[in-house]
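Input: a single structure, listed below in structure tokens.
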Amino acid sequence: MEISFLIAICLSLMILIPVAKPQGGLKSGFYSSTCPKAEATVRSTVEAHFKNDPTVAAGLLRLHFHDCFVEGCDGSILIKGSSAEISALPNLGLRGFEIIDDAKTQLETLCPGVVSCADILALAARDSVDLSDGPNWAVPTGRRDGRVSLASKASNLPSPLDSVDTQRNKFAAKGLNDQDLVTLSGAHTIGQTDCRFFKYRLYNFTTTGNSDPSLSQSALTQFQTMCPKNSDGTERVALDKDSQLKFDVNYFKNVRDGYGVLESDQRLWGDPTTHDIVKNYAGTFRGLLGLRFDFEFKKSMIKMSSIDVKTGTQGEIRKICSKFN
């Protein structure tokens, strides 16, 4: 009875908190008159690929994130070329490009020259979260595609090696705060990584030959089994050991319990400010905290997907997402 009352009160408070507003001239339903089936087309395309391989959801979400952190959310990550963003070291493991191309091909048949690749990325990221049992939200649209894509500009992307202060500075440079940092890191509740990106934590942390002390003993044993010392590091490991394909708060429970796969994730537990945010998401009332995380994730995604957007007459609407007009 008391728990039900607490949940009701918390939900009431959540309703009173305003959702983050889009910036830069974006608005929900931007294509309602110019291409009414735009969002449904992206959704059906993502859903078709997701049914064949649910892991594409994490790929599309990461693709949108990496796009927004370089040149803003303008589809610059989609451009192919030896000097383009896509070829930068932090972007080498990105996937999901063929899904964006698939949706774009269909939309060019329906509404030629209307829907931007940048908006397709934003919509596909939302649909991926929704299909993974996460929250759904109205995506503000109206982005235009950028005309610049350079690998040299991708150096400031967040890295698995980053300290919390470094992560904080990189997010702050994009107008995102500590709450956004922890909440968006929660996207790691779906997805995988290669052993090579965290193997140093298991066998040679800080080049001492020891393991990372922030890992729990059970996590260390489990990860060493998954990533043998003499392997090539290409083995795949889930970022959320409990529910890899479900968008939930188990990621935060893992970080709390010393099971953070990436060093940058585990470090969130060691910083006083981010520690408290992780602790709140990972607390006792699983259902209630899931609702809280879902609510905050929607807010943070709307903020992130509004970073340095091109609108109006800026940029272009590409005919093919992988090359400039």
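Could you check, for segment 94-101, whether at least one of its residues is exposed (fewer than 14 other Cβ atoms within 10 Å of the Cβ) and assigned to a helix (DSSP H, G or I)?
yes
Mind checking which pairs have a first residue in segment 218-231 that is of a type outside the set (Val, Ile, Thr) and a second that is open to solvent by less than 60 Å² (accessible area, probe 1.4 Å) and assigned to a helix (DSSP H, G or I), Cβ under 6 Å, 6 or more apart or different chains?
PHE223/LEU202; GLN224/LEU202; CYS227/CYS195; LYS229/TYR203
Those residues that are under 16 Å from the mean Cα position of the chain (by Cα) and among the polar types (S, T, N, Q), I need them from segment 69-106; list them, please.
ASN91
May I ask you to verify whether SER243 is at pLDDT 95 or above and small (Gly, Ala, Ser)?
no
Of the residues in segment 47-68, how many are part of a helix (DSSP H, G or I) and more than 16 Å from the chain's Cα centre (by Cα)?
Final tally of qualifying residues: 6.
Checking LEU268 against (1) out of contact with any Asp or Glu (no Cβ under 9 Å at 6 or more places or on another chain); (2) part of a helix (DSSP H, G or I); (3) surrounded by fewer than 16 Cβ atoms within 10 Å (Cβ to Cβ), only one condition comes out false. Which one?
(3)
Any idea how many residues of segment 125-134 are crowded, with 19+ Cβ neighbours inside 10 Å and in a loop (DSSP other than H, G, I, E, B)?
2
I'd like to verify a number: residues in segment 223-242 that are outside any loop (DSSP other than H, G, I, E, B) and under 24 Å from ARG62 (Cβ atoms), how many?
Here the count works out to 5.
Scanning segment 69-93 for residues that are among the hydrophobic types (A, V, I, L, M, F, W, C) and part of a helix (DSSP H, G or I), which turns out modelled with the lowest pLDDT?
Here the answer is LEU89.
Farther than 26 Å from LYS80 by Cβ, in contact with a helix residue (DSSP H, G or I) (Cβ under 6 Å, 6 or more places away or on another chain) and free of Cβ contacts under 8 Å to residues at least 40 places away in the same chain: does that describe GLY283?
When the stated conditions are applied, GLY283 passes them.
Go through the residues of segment 204-213 one by one and say whether even a single one is in a loop (DSSP other than H, G, I, E, B), modelled with pLDDT of 95 or more and open to solvent by 60 Å² or more (accessible area, probe 1.4 Å).
yes
What do you reckon, is LEU245 part of a helix (DSSP H, G or I) and open to solvent by 30 Å² or more (accessible area, probe 1.4 Å)?
Here the answer is no, as LEU245 does not meet what is asked.
Regarding segment 150-161, can at least one residue be identified that is open to solvent by 50 Å² or more (accessible area, probe 1.4 Å), at pLDDT 95 or above, within 26 Å of LYS310 (Cα to Cα) and not in a helix (DSSP H, G or I)?
Scanning segment 150-161 turns up at least one residue that is open to solvent by 50 Å² or more (accessible area, probe 1.4 Å), at pLDDT 95 or above, within 26 Å of LYS310 (Cα to Cα) and not in a helix (DSSP H, G or I).
Select, from THR234, THR189, the only residue that is β-branched (Val, Ile, Thr), out of contact with any His (no Cβ under 6 Å at 6 or more places or on another chain) and surrounded by fewer than 21 Cβ atoms within 10 Å (Cβ to Cβ).
THR234
Answer yes if at least one residue in segment 294-316 is modelled with pLDDT of 95 or more, crowded, with 20+ Cβ neighbours inside 10 Å, hydrophobic (A, V, I, L, M, F, W, C) and not in a helix (DSSP H, G or I), and no otherwise.
Yes: one or more hits.
Residue by residue, here is whether (1) open to solvent by 10 Å² or more (accessible area, probe 1.4 Å); (2) in contact with a Ser or Thr (Cβ under 7 Å, 6 or more places away or on another chain) holds:
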| site | (1), (2) |
| --- | --- |
| HIS49 | yes, no |
| ALA57 | no, yes |
| PHE65 | yes, no |
| ASP74 | no, no |
| GLU85 | no, yes |
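In this structure, is ASN210 free of Cβ contacts under 8 Å to residues at least 12 places away in the same chain and within 30 Å of GLY25 (Cα to Cα)?
no
Looking at segment 189-200, is at least one residue at pLDDT below 95 and in contact with a Pro (Cβ under 7 Å, 6 or more places away or on another chain)?
Within segment 189-200, one or more residues are at pLDDT below 95 and in contact with a Pro (Cβ under 7 Å, 6 or more places away or on another chain).
The values are calculated or read from the model by the stated rules, or taken from the named source; none is laboratory data. Here the structure is a predicted model, which means the values were calculated and not measured. Note that each Cβ is placed from the backbone with ideal geometry, even for glycine, and that neighbours are counted across all protein chains shown. Surface areas here come from the heavy atoms of the whole protein model, side chains and all, with no ligands, DNA or RNA. Shrake-Rupley method; radii C 1.70, N 1.55, O 1.52, S 1.80 Å.
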